[in-house]
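The structure appears below as structure tokens.
The values are calculated or read from the model by the stated rules, or taken from the named source; none is laboratory data. Predicted, not measured: the structure shown is a model, and the values here were computed from it. Because the Cβ atoms are built from the backbone with ideal geometry, glycine has one as well, and the counts that use them run over all protein chains shown. In case anyone asks, the SASA skips ligands and DNA or RNA and just uses the protein heavy atoms, side chains included. Shrake-Rupley method; radii C 1.70, N 1.55, O 1.52, S 1.80 Å.
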Amino acid sequence: RCLLKMVKGNIIVPEDILSFCCNGLQGSTSPPRAREPGEREEAPGAMASPSPARNPTEVQMSQLVLPCHTNHRGELSTGQLLKWIDTAACLSAERHAGCPCVTASMDDIYFEHTISVGQVVNIKAKVNRAFNSSMEVGIQVSYEDLCTGKHCSICKAYATFVAQGPLGSKVRLKPLTPQTEEEKIEYSIAAERRRMRLVHKDTLKDLLTHSPQETELETRDGSGAVPAERTRVESVELVLPPHANHQGNTFGGQIMAWMENVATIAASRLCHAHPTLRAIEMFHFRGPSQVGDRLVLKAIVNNSFKNSMEVGVSAEAYGQEMSVSRRHINSAFMTFVVLDQEGQPRTLPMVAPEPGDGERRYREASARKKIRLDRKYVVSCKQTEVPLSVPWDQSNKVYLSYNNVSALKMLVAKANWALAREKDKVRMYTLEEDKFLSFRIEISVCIPAGRAFSLLSNLRRRHEWDSHYVSAELVQKVDDDDMIYHVVSQKLRNENKPQDFVILASRRKPCSKGDPYVVAFRSVTLPTHPARAEFTRGETLCSGFCIWPESEEMSKVAYYNQAMPGYLNYVTTNVAGLSSDICSTFEACEKFLLKNKDDLISRLQD
């Protein structure tokens, strides 16, 4: 049926109505333009070329900060911000899933600035990757000052959502196809972040196992420690319909807001001032709560450091019947500071923990601070800001492995690779970016991808095909996926001594179909292997292999390397065609793979 309407003698045709409906769905409030008398209808395709398609899962939210959203200082309450973050992320997840979703976890959040009343909070959320029944949503938060036009980043967060079918059943999610370079990078690294979440608890246990068990109390400025019991807070909240989603489950953001409230009270009781929340550690929701539940929220200061304190907070739910045992919903750890008039952190009093559980929480808080620093400065910073050789120890092994693999995946996802040389079956590409010249070598080999992965991840066999390697000694087997080698290489041109490296090799099998096998290398430092006079200590920032199966018996093997200054002359000589060393090396690599593809040892390693 055709819909026709007369508006002052002009006709709005069905195409205009359809256009208005579509624009309305996308957030446009502009009415359809009435066609002028005698105006011809534009032919299809006559309009200007459309802008690049937006990610279908992307959600944008803008909120004006009103007095009801702020604390006593006229700054946006962090609890209110967490509610907005969770809402935007949930809408993005449900766009992809096509069904209700619940918050499963939230990664570390670091709040860089506060937001004042009258400013606008802009939140952008989109799904980075979908796994079987869960998905990672990336969230970017910034504020906008309407008077000055200033924009500033507030925080970046990653949340995991689970899709729910009827009666809470799990829903298998459709895969997500990234389009832009940024989306491909986030898609690739999402698998590493997922892996890091799964081992988060084990990391804390390992650190506590290898740390001293004594609880040391200090005094600062001659003052004694404050008993932790004085900071304890307990509060109860009744879950009402406005606190829940359309399925009757309490919003994760609402629970986080209530938890932030009691944690702030506990922190205030220690410092007798108004604290500022700086960070929330990674946490998981252990179960849902529904409308009608009573949520019991408990908080206590676990430990205080010179300029910051950690507050532990938990949420438990129960129904109308008190006889029913409480359900543990969530536990979180929040870091607060107290700012002086100049905006600098003040020195805080020490905490005296209670014997037993209090001392355990005190020690765990110190371990979490160590882990937070590792995670923040190894994982969160840009690749160019990471020191070349990061000291390796038991507490940061997970984050160094993450950084190692994610740096290589970021390099792989870059879009501006240019073919520099092609010799026989070896193709050499280059990428020029800021301070780095990166190169990629590609070959196709008649070998199953898993077998090539097994052979190339063993550095002790690299000298069999790479003439630059003299030897590789396995120094430490961290686990099945991470190993540390001491490598000795040949002398570089114009060098009097051979080079040596201490290299962390991290290997990953595909997370899902279409993912490559990955073997990533980066330099680390070990106290057992300091620089020695007979070698020139070399370093590698990012290098490694990616192996894609092209068929059951064919694989595409690609080697990537961000060339360091000492290696640059060798690379540019090959790029310019003045040398064929790199091509010859990877022709030898192909022969090595073909020779050993049926090797029994390799089969056992696979």
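Rundown of residues vs (1) surrounded by 16 or more Cβ atoms within 10 Å (Cβ to Cβ); (2) modelled with pLDDT under 95, yes/no style:
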residue: ILE547; (1), (2): yes, no
residue: LYS556; (1), (2): yes, no
residue: ALA563; (1), (2): yes, yes
residue: VAL571; (1), (2): yes, yes
residue: LYS591; (1), (2): no, yes
**Request:** Please work out if SER92 is open to solvent by 10 Å² or more (accessible area, probe 1.4 Å), touching a strand residue (DSSP E or B) at 6+ places or on another chain (Cβ under 8 Å) and not basic (Lys, Arg).
**Result:** no
**Asked** Taking ARG507, is it in a strand (DSSP E or B) and either surrounded by fewer than 20 Cβ atoms within 10 Å (Cβ to Cβ) or in contact (Cβ under 8 Å) with a residue 40 or more places away in the chain (or both)?
**Response** yes
**Message:** Return the pair list, or none, for Cβ contacts closer than 8 Å from residues in segment 237-256 that are within 16 Å of ARG294 (Cβ to Cβ) and of a type in the set (A, V, I, L, M, F, W, C) to residues that are part of a strand (DSSP E or B) and open to solvent by 20 Å² or more (accessible area, probe 1.4 Å), at least 6 apart or on different chains.
**Reply:** LEU238/ARG294; VAL239/GLN290; VAL239/ARG294; ALA244/GLN290; ILE255/PHE285
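Condition check ((1) modelled with pLDDT of 95 or more; (2) surrounded by fewer than 22 Cβ atoms within 10 Å (Cβ to Cβ); (3) of a type in the set (Phe, Trp, Tyr); (4) at positive phi) across all residues:
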residue	(1), (2), (3), (4)
THR219	no, yes, no, no
GLY222	no, yes, no, yes
PRO227	no, yes, no, no
ASN245	no, yes, no, no
ALA263	yes, no, no, no
**Request:** Find all pairs meeting these conditions: Cβ atoms under 9 angstrom apart; at least six residues apart or on different chains; first residue within segment 398-426 and at positive phi; second residue at pLDDT below 85.
**Result:** none
**Verdict on LEU64 being at pLDDT 50 or above and open to solvent by 60 Å² or more (accessible area, probe 1.4 Å)** = yes
**Request:** Those residues that are crowded, with 20+ Cβ neighbours inside 10 Å and touching a helix residue (DSSP H, G or I) at 6+ places or on another chain (Cβ under 8 Å), I need them from segment 439-455; list them, please.
**Result:** PHE439, ILE441, VAL445, ILE447, ARG451, ALA452, SER454, LEU455
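Somewhere in segment 318-337, is a residue closer than 21 Å to SER77 by Cα, free of Cβ contacts under 8 Å to residues at least 60 places away in the same chain and of a type in the set (A, V, I, L, M)?
Restricting attention to segment 318-337, the residues satisfying the condition of being closer than 21 Å to SER77 by Cα are 330-337.
Then drop every residue that is not free of Cβ contacts under 8 Å to residues at least 60 places away in the same chain, which leaves 331, 333, 335.
Of the ones still in play, those that are also of a type in the set (A, V, I, L, M) are none.
No, segment 318-337 has no match at all.
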**Item:** Scope segment 134-174; condition under 15 Å from the mean Cα position of the chain (by Cα) and either open to solvent by 60 Å² or more (accessible area, probe 1.4 Å) or modelled with pLDDT under 90 (or both); matching residues
**Value:** GLN140, LYS156
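Output yes when any residue across segment 492-504 is of a type in the set (S, T, N, Q) and either within 32 Å of the chain's Cα centre (by Cα) or surrounded by 17 or more Cβ atoms within 10 Å (Cβ to Cβ) (or both), and no when none is. Outline the logic, then answer.
From segment 492-504, those of a type in the set (S, T, N, Q) are 494, 496, 499; that's our starting set.
From the residues that got through so far, the ones that are either within 32 Å of the chain's Cα centre (by Cα) or surrounded by 17 or more Cβ atoms within 10 Å (Cβ to Cβ) (or both) too are 499.
Yes, there is a match, as at least one residue in segment 492-504 is of a type in the set (S, T, N, Q) and either within 32 Å of the chain's Cα centre (by Cα) or surrounded by 17 or more Cβ atoms within 10 Å (Cβ to Cβ) (or both).
Which residues, taken from segment 41-61, are modelled with pLDDT of 90 or more, open to solvent by less than 60 Å² (accessible area, probe 1.4 Å) and not β-branched (Val, Ile, Thr)?
Initially, segment 41-61 is screened for residues modelled with pLDDT of 90 or more, giving 56-61.
Still in the list and also open to solvent by less than 60 Å² (accessible area, probe 1.4 Å): 57-59, 61.
Those that are modelled with pLDDT of 90 or more, open to solvent by less than 60 Å² (accessible area, probe 1.4 Å) and not β-branched (Val, Ile, Thr): GLU58, MET61.
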**Message:** Given the criterion closer than 21 Å to ALA563 by Cα and open to solvent by 10 Å² or more (accessible area, probe 1.4 Å), identify the matching residue among HIS529, HIS486.
**Reply:** HIS486
